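S.K.: Quick one: the structure is below, questions incoming.
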Amino acid sequence: MEKPKYTSIFASCPLRCVIGEEKDMYLSKASLESLKPFIPAIDSKNIDLLPISADVCLINSGNKNGDVINTETALSMYKTFVNKYFDTEHNRGKVVGVVLTATFSEYGTHKLLEEKDVKGKDFPFYITVGGVLWRTVSNKLCDLIEAASDPASDSYMDYGCSWELAFSQFDLVEMEQGEKNLSKGTIIKDPETIEKLKKYLKCFGGSGVKDGKSYYRMPNENVIAMGIGLTEKPAADVKGIATKIEETKASETIVLEAPVKKVEKIISQSQETNVKTRRETNMKITSITDITDENLKQCTASSVTEFIQSELKKASESYVAEKQQQATANTKLQETTENLNKSVKEMKASLDTLQKEKADRDKVDSFNAHMSEVCASYELPEDVTKIVVDDLKSLATEEAFAAWKTKASTLLKSYSKAEAKAKKDKEAADKAAEDKADKDKADKDAAKASEDEMEAKKKTAKANIAIASAVEGALDNADKEKGGLPNTSTASAPGLKEKFAAAFAEDNFVITK
């Protein structure tokens, strides 16, 4: 098998609550009592062994360190927990027990689950292990674990588990910030994208968040369990270790007493075959008030030392936790500041864009208004219009336009619609006056012609009458020479003179003007 490329403690920020405080659709309070069916059956004669059971990993749910394991990986690696070690706080130099069983259990109820129950599913469930701790290695830790398993204890559920693992490759999971259920995430498998985003992972020194998205590391190749850490700061929702509790107030230690007869080098050998035993009761100090004169008579120096060491350890861990919380707060503050700066920058860019768009619109509106005013005042040919358009585009203020209009009133006077209308009106008036004069003259000429014609007709009529009269006189003279007409004759027809007179009578003429 290829040597794993990565090793990690599958952990997150310290949790000291009974059950993870972050509730979600799958979360409900879990009782230590439900873990006890998973505790291995150990012969009661083995008083140096403490059977325990615990949830070491919540599958399909991201933990505080930005790690997540899916169902497929859980099925392939959960049996590798068997025969692995228990240590304290992931310190391999302090191995205190061994894992004997590994199985699955339902999240919230700890109902036993088989492989077929979880295969192909994406809901959260536990990997639950059972094993033993060795009292001969760390009796004090066993006492603490037992106290943490006792609901009546002040330290109830103070201990939990997180596990160490090794793996060769990993994918990324993108979720909405604050989300941790794998079913709500998007798995990223592209190597280039993973390489680009991995710097934001908590395991690589990042905050686990980018642009409002949370990113988790999901091991996917050659994943094996390296061991389990018993810790007061479990990473995921796996708080609590169950043990078999027996009524006891003091720890009992079996001490072997034997006289030493001979010492060679550093090896002690007893020359007597009879060995006496005695049972010694050591009082356990749990608080500063337990250190009294009376209690000091019943406890050993090691008990005081252990208490002092425990208090120092708690103070140290509290200080480390506070520092880590402060560091986390500083990181979040920095992220918030960066996000705010980014938002301000985006808002400023958006405002600049809006202002530019408004300025452009105002410029276009101003140009259109100015051009409309020019078009209303002047009738410009195409070549002049182009020049005017360029001039108007360069005008930035109304004052500049007013100055341009003053100049244009002189330069463009010949194209002024008012001037053109006045000229057209004058031409029309002149033409009307000329037409009236021509009509009057024509009427006058017509009247004069009519009068002249009438006069001519009159003269002609008079001439004709004169002619007729002359003819008539001539005829009369001729008749007289012939002796006249007989008396018996009838009236004769009108003579030539009468005919001419009747024809050219004034009543027969109509004079028009």
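S.K.: Whether any residue in the range 107-119 is touching a strand residue (DSSP E or B) at 6+ places or on another chain (Cβ under 9 Å), within 21 Å of Ser183 (Cβ to Cβ) and part of a strand (DSSP E or B) is what I want to check.
M.R.: yes
S.K.: What is the one condition in (1) among the aliphatic types (A, V, I, L, M); (2) surrounded by 19 or more Cβ atoms within 10 Å (Cβ to Cβ); (3) in contact (Cβ under 8 Å) with a residue 24 or more places away in the chain that Ala166 does not satisfy?
M.R.: (2)
S.K.: Please go through (1) closer than 17 Å to Ser53 by Cα; (2) in a loop (DSSP other than H, G, I, E, B) for Ala147 and return the number of the only condition it doesn't satisfy.
M.R.: Here Ala147 clears every test but (2).
S.K.: Please state which one of Glu434, Glu399, Glu419 is free of Cβ contacts under 8 Å to residues at least 12 places away in the same chain, surrounded by 10 or more Cβ atoms within 10 Å (Cβ to Cβ) and within 22 Å of Glu373 (Cβ to Cβ).
M.R.: None of the others qualify; the one that does is Glu419.
S.K.: Right, another one. Can you tell me which residues in the range 62-95 are assigned to a strand (DSSP E or B) and out of contact with any strand residue (DSSP E or B) (no Cβ under 6 Å at 6 or more places or on another chain)?
M.R.: Asn91, Arg92, Gly93, listed by residue number.
S.K.: While we're here: Return the only residue of Ala148, Ala152 being in the same structural domain as Lys94 (by TED's automatic domain parsing), under 49 Å from the mean Cα position of the chain (by Cα) and modelled with pLDDT under 85.
M.R.: Of the residues listed, the single one that is in the same structural domain as Lys94 (by TED's automatic domain parsing), under 49 Å from the mean Cα position of the chain (by Cα) and modelled with pLDDT under 85 is Ala148.
S.K.: If Glu72 satisfies every condition in (1) buried (at least 19 other Cβ atoms within 10 Å of the Cβ); (2) over 25 Å from Asp48 (Cβ atoms); (3) at pLDDT 85 or above but one, which is the exception?
M.R.: Evaluating Glu72 over (1) buried (at least 19 other Cβ atoms within 10 Å of the Cβ); (2) over 25 Å from Asp48 (Cβ atoms); (3) at pLDDT 85 or above leaves (1) as the failure.
S.K.: Further question on the same structure: Sort out which residues of the range 113-166 are β-branched (Val, Ile, Thr) and closer than 19 Å to Val99 by Cβ, and write them in order of number. Show your work before the answer.
M.R.: Within the range 113-166, the first condition is being β-branched (Val, Ile, Thr), and the residues that meet it are 118, 127-129, 132, 136-137, 145.
Scanning the range 113-166 gives Ile127, Thr128, Val129, Val132, Thr136, Val137, Ile145.
S.K.: Take the conditions among the basic types (Lys, Arg), closer than 25 Å to Lys213 by Cα and in contact (Cβ under 8 Å) with a residue 12 or more places away in the chain and apply them to Lys121. Does it pass?
M.R.: Criteria met by Lys121.
S.K.: When you scan the range 165-186, how many residues do you find that are over 17 Å from Asp211 (Cα atoms) and of a type outside the set (Ser, Thr, Tyr)?
M.R.: Quick first cut of the range 165-186, residues over 17 Å from Asp211 (Cα atoms) only: 165-171, 181-184.
Next, only the ones that are of a type outside the set (Ser, Thr, Tyr) stay: 165-167, 169-171, 181-182, 184.
Counting residues in the range 165-186 that are over 17 Å from Asp211 (Cα atoms) and of a type outside the set (Ser, Thr, Tyr) gives 9.
S.K.: Among the listed residues Val388, Val364, Val344, Val320, which satisfies the condition of being at pLDDT 85 or above and surrounded by 12 or more Cβ atoms within 10 Å (Cβ to Cβ)? Don't jump to the end; show me each part of the working.
M.R.: Details: Val364 fails: surrounded by 12 or more Cβ atoms within 10 Å (Cβ to Cβ); Val344 fails: surrounded by 12 or more Cβ atoms within 10 Å (Cβ to Cβ); Val320 fails: at pLDDT 85 or above.
Val388 is the lone residue from the list that is at pLDDT 85 or above and surrounded by 12 or more Cβ atoms within 10 Å (Cβ to Cβ).
S.K.: Could you list, in sequence order, all residues of the range 360-412 that are more than 29 Å from Ala422 (Cα to Cα) and not in a helix (DSSP H, G or I)?
M.R.: Selection gives Ser394, Leu395, Ala396, Thr397.
S.K.: Quick one: what pairs do we get from the range 198-220, first residue assigned to a helix (DSSP H, G or I), second of a type in the set (Val, Ile, Thr), C-beta under 8 Å, 6+ apart or different chains?
M.R.: Every condition considered, the pairs that remain are Tyr200/Val209.
S.K.: In the set Gly185, Gly160, Gly178, which member is more than 25 Å from Gly229 (Cα to Cα) and modelled with pLDDT under 90?
M.R.: Going through Gly185, Gly160, Gly178 in turn, just one is more than 25 Å from Gly229 (Cα to Cα) and modelled with pLDDT under 90: Gly178.
The values are calculated or read from the model by the stated rules, or taken from the named source; none is laboratory data. Since the structure is predicted, the reported quantities are computational estimates derived from the model, not experimental observations. Methodologically, a virtual Cβ is constructed for each residue, glycine included, from the backbone with ideal geometry; neighbour enumeration extends over all protein chains shown.
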